[in-house]
1. At 7 Å along the Cα-to-beta-carbon direction for both residue A:516 and residue A:137, put a label point, then send me their distance in nm to one decimal.
2. Starting from 0 in steps of 10 Å, tell me what percent of the Cα-Cα pairs of the stretch A:4-64 lands in each bin.
3. What's the center-to-center distance, using Cα atoms, between the stretch A:313-390 and the stretch A:77-131 in Å?
4. Plugging the Kirkwood radius over Cα pairs into Stokes-Einstein for the stretch A:69-246, at a temperature of 10 °C and a viscosity of 1.306 mPa s, what D comes out in µm²/s?
5. Set the Förster distance to 45 Å, then compute FRET efficiency between residue A:294 and residue A:209 from the Cβ-Cβ distance, nearest 0.05.
6. Using label points projected 7 Å from each Cα along Cα→Cβ, tell me how many nm separate residue A:163 and residue A:371, to one decimal.
7. Which length gain, in nm to one decimal place, applies between residue A:378 and residue A:316 when the Cα-Cα distance is subtracted from 0.36 nm times their residue separation?
8. Starting with the fewest neighbours, write out A:88, A:243, A:432 ranked by other beta-carbon atoms found within 10 Å of each beta-carbon.
RNA sequence: GCCGACUUAGCUCAGUUGGCUAGAGCACUUCACUAGUAAUGAAGGGGUCGGAGGUUCGAAUCCUCUAGUCGGCACCA
């Protein structure tokens with residue numbers, strides 16, 4: 001007779017069942033519909049397949065369709081389905097690690113034992129067809145525990161699996177999963193049979209280093225989607241297409257914002273007039289905001305003596321990512337700056353400083369040059385020349401926390417003006433990697449102290465954050481503000497970095513109240529990171545439909561008939577331009593509908609001003625707001641008041657504008 | 001940098017297995033239309049097919065190298 005085990009149901013009732021009872025039996029005893037939608041079971045944190053025996057007592061739970069965890073199980077199961085199909089088509093193919101990810105799954109493959117060509121996307125239809133056959137066959141999926149020796153034997157032909165097994169701790173139980181003729185190493189969390197996997201698609205293939213280490217062999221990572229129902233799969237595919245419509249590279253072309261070309265050089269973007277208008281608006285806004293917060297705006301050279309970066313440590317840490325130094329005739333070595341903190345330190349050091357000068361705040365919109373690896377370059381998000389919204393404040397040690405809070409407040413004020421909410425971002429405290437302290441400034445006490453100070457400040461402000469080891473700069477820990485982009489990536493928007501190292505390196509000091517020299521702390525901060533990345537972010541966020549205050553062209557003036565109304569249109573154009581608005585006069589000899597369409601679709605301008613006989617007579621314009629087909633005739637002064645108000649409050653009143661038009 | 005794919009007019013894309021002066025739509029120019037809220041009609045100009053080398057009687061189509069772009073990986077002060 002089998003032993004009894006005790007399982008605790010989700011409602012806390014306890015049940016005694018025979019060991020090796022199958023979860024499906026328990027589910028069926030509760031209700032057939034539950035059994036039908038249960039994907040897998042869990043005992044405590046361990047997965048048990050629906051048709052596998054429960055071995056231990058513990059908390060019992062069924063994972064059912066509709067839960068996020070069930071979707072992960074499905075996607076994880078799809079990796080095995082893919083592998084089985086691939087093994088049939090490529091008998092000698094090897095597999096690395098396959099996992100479920102946010103929108104789907106991937107599996108790393110290596111077919112180099114079989115052919116010179118790795119699996120490529122043109123084979124997807126064939127692979128998908130093979131996967132469908134396996135689904136049709138509804139092959140059971142069963143786990144089994146094996147000894148290390150058995151496992152090594154089973155996977156003797158699979159070098160990557162052997163490597164995984166050899167890295168398992170000695171006491172780890174090894175489980176494998178059998179799916180017909182296919183066997184994989186697996187911890188559990190799979191659907192009962194291949195028939196459960198119905199709606200999937202392979203999407204792309206890309207290189208990926210084995211175990212994520214660039215010294216290792218490169219494998220082919222096959223990405224795919226997998227969903228419970230066809231609607232979700234279609235929605236996923238559609239989302240992939242919509243990404244392209246939002247992509248700043250696509251919109252950048254359409255709206256003529258910027259370009260790059262090989263003649264100028266890879267990763268060196270050129271800002272066209274429309275893009276430059278957006279950027280200039282943001283720069284002007286931020287310089288003014290910084291001024292209000294007691295920052296002094298400065299300019300420092302784009303090239304500096306290389307010794308400056310040797311002294312700062314940048315040369316040691318980032319030499320490979322810096323442009324090669326230029327050597328002048330007289331032997332002086334000049335370096336395109338990758339950062340401007342050393343120059344800002346020189347500004348602080350330019351005169352003796354007193355404690356009365358602190359916090360000493362300077363800021364600069366400066367162009368930085370970094371030798372980004374060719375494979376990393378992408379549109380405006382990753383470039384070799386970028387304009388950094390950089391600022392440095394020099395503080396006494398006891399001022400670190402209040403200054404940190406002040407900077408964070410400035411950042412949040414800016415977010416408010418741009419209409420970002422706390423749903424858009426999360427705070428990351430970035431610490432050094434405790435396992436690899438060699439990468440960083442060598443002073444354990446400093447690190448402990450600084451990391452604790454950041455944490456304390458965040459706790460004081462009552463802000464939620466997460467902690468990330470290994471993300472710190474070499475000179476100190478930092479707060480990074482991570483934004484979710486419209487395309488679903490996460491990137492650093494703002495950063496506040498504590499630095500105890502550079503003040504040492506540059507022997508920074510100020511005279512204290514006691515008349516003695518003291519060592520200050522340097523805080524690096526960026527409110528919007530680089531202009532390139534920030535504008536790319538905004539393009540994607542707004543899908544090119546910039547709020548009026550940022551729009552490259554805030555209104556287009558369209559004469560009904562250029563011959564008859566062109567002069568009047570030009571007058572309106574000139575008046576609004578003179579008053580500070582960005583206006584385009586469309587002087588093409590085209591029909592009204594055509595010009596309106598062009599302004600809406602391509603320029604995505606907020607306001608269209610149509611003028612014809614009637615407007616000429618009334619000294620007015622007929623206004624149409626982007627996204628609405630309502631029009632309203634108003635006096636020019638009236639319109640000007642409206643658009644100026646729109647700009648002045650960072651377009652937060654654009655709802656009001658629409659209401660006005662709808663009257 | 002690494003793996004893979006791609007690269008044809010300003011833009012978006014066609015161009016069968018290599019074979020006649022390389023195509024379309026949009027954009028641009030010109031002409032006609034006194035044009036009222038998401039594309040008026042007609043005509044015209046524009047590319048040697050990313051670059052270099054090679055195979056061939058013949059290459060946008062095949063091969064090699066190179067540059068750039070895209071999808072990822074690694075990197076990201």
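1. Output for this residue pair reads 8.1 nm.
2. Percent of Cα pairs in each bin: 26, 63, 11.
3. 45 Å
4. On the way: Rh = 16.8 Å.
Calculated translational D: 95 µm²/s.
5. Details: r = 47 Å, r/R0 = 1.04.
E(calc), rounded to 0.05, equals 0.45.
6. Here the answer is 2.9 nm between the modelled labels.
7. Once the chain is fully extended between residue A:378 and residue A:316, it gains 19.7 nm.
8. On the way: A:88 17, A:243 14, A:432 22.
Ascending Cβ contact count within 10 Å gives the list A:243, A:88, A:432.
Values quoted throughout were computed directly from the atomic coordinates according to the rules given, and no laboratory measurement underlies them. Worth saying up front: this structure is predicted, and the values here are computed from it rather than measured. Here the Cβ is made from the backbone with ideal geometry for all residues, glycine too, and neighbour counts use every protein chain on show.
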